[in-house]
Amino acid sequence: TSNSKQRILYLREIYNRNTDTGSFQNAAILALANNKTKESYSTLKNLLITNPAIFETAVEYNELFLRLRDSLALAKALFPGIMQLASLDDYKIPVTNLLYVLADSGYIKSDDRYN
């Protein structure tokens, strides 16, 4: 809907405008994860790839990725793009765990082709 698209644009704007304020960026990222639409996950993926969110604790990284597990069908679209985040220490375990859950649940297969 139009409201959902406006909300996503607003959250992206908050994220991009507050590069020096992690709490605002993190709230925007979590809100996008909670929105549970293709558009919100696409925006989330783009933001994380271009300017990864920095959380204060490992628990906060895990919280984000646990929210993403709520909709594995949508989380599948984050791959393979967010695999590059696995090179960052704070993202390595959550990204790998999400990939494992997606593979174990049959959402990602070894012969999948990505465009």
Picking from TYR41, TYR10, TYR61, TYR100, the residue that is touching a Phe, Trp or Tyr at 6+ places or on another chain (Cβ under 9 Å) and aromatic (Phe, Trp, Tyr) would be TYR61
Query raised in the report: Going by the conditions given, is ILE93 within 23 Å of GLU13 (Cβ to Cβ) and either in a loop (DSSP other than H, G, I, E, B) or β-branched (Val, Ile, Thr) (or both)?
Result: no
Reported set for segment 86-115 where residues are in contact (Cβ under 8 Å) with a residue 24 or more places away in the chain and buried (at least 19 other Cβ atoms within 10 Å of the Cβ) is TYR91, PRO94, VAL95, LEU98, LEU102, ILE108
Legend entry - Residue in segment 64-85 that is assigned to a helix (DSSP H, G or I), hydrophobic (A, V, I, L, M, F, W, C), open to solvent by 70 Å² or more (accessible area, probe 1.4 Å) and within 17 Å of ALA31 (Cα to Cα) present: yes
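Condition check ((1) under 12 Å from the mean Cα position of the chain (by Cα); (2) of a type in the set (Phe, Trp, Tyr); (3) at pLDDT 95 or above) across all residues:
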| residue | (1), (2), (3) |
| --- | --- |
| SER23 | no, no, no |
| ILE49 | yes, no, yes |
| LEU68 | yes, no, yes |
| LYS92 | no, no, yes |
| ASP112 | no, no, no |
Scanning segment 14-54 for residues that are of a type in the set (Gly, Ala, Ser) and assigned to a helix (DSSP H, G or I), the one most open to solvent (accessible area, probe 1.4 Å) turns out to be SER23
Residue set ILE82, ILE14, ILE49, ILE54; condition touching a Leu at 6+ places or on another chain (Cβ under 7 Å) and β-branched (Val, Ile, Thr); output residue ILE82
Item checked: So VAL59, is it part of a helix (DSSP H, G or I), β-branched (Val, Ile, Thr) and under 12 Å from the mean Cα position of the chain (by Cα) -> no
Apart from one, (1) part of a helix (DSSP H, G or I); (2) surrounded by 14 or more Cβ atoms within 10 Å (Cβ to Cβ) all hold for ASN3; the odd one out is (2)
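The values are calculated or read from the model by the stated rules, or taken from the named source; none is laboratory data. As the structure is a computational prediction, the values presented were derived from the model and not from experiment. Methodologically, a virtual Cβ is constructed for each residue, glycine included, from the backbone with ideal geometry; neighbour enumeration extends over all protein chains shown. Just the protein is used for accessible areas: all its heavy atoms, side chains included, with ligands, DNA and RNA removed. Shrake-Rupley method; radii C 1.70, N 1.55, O 1.52, S 1.80 Å.
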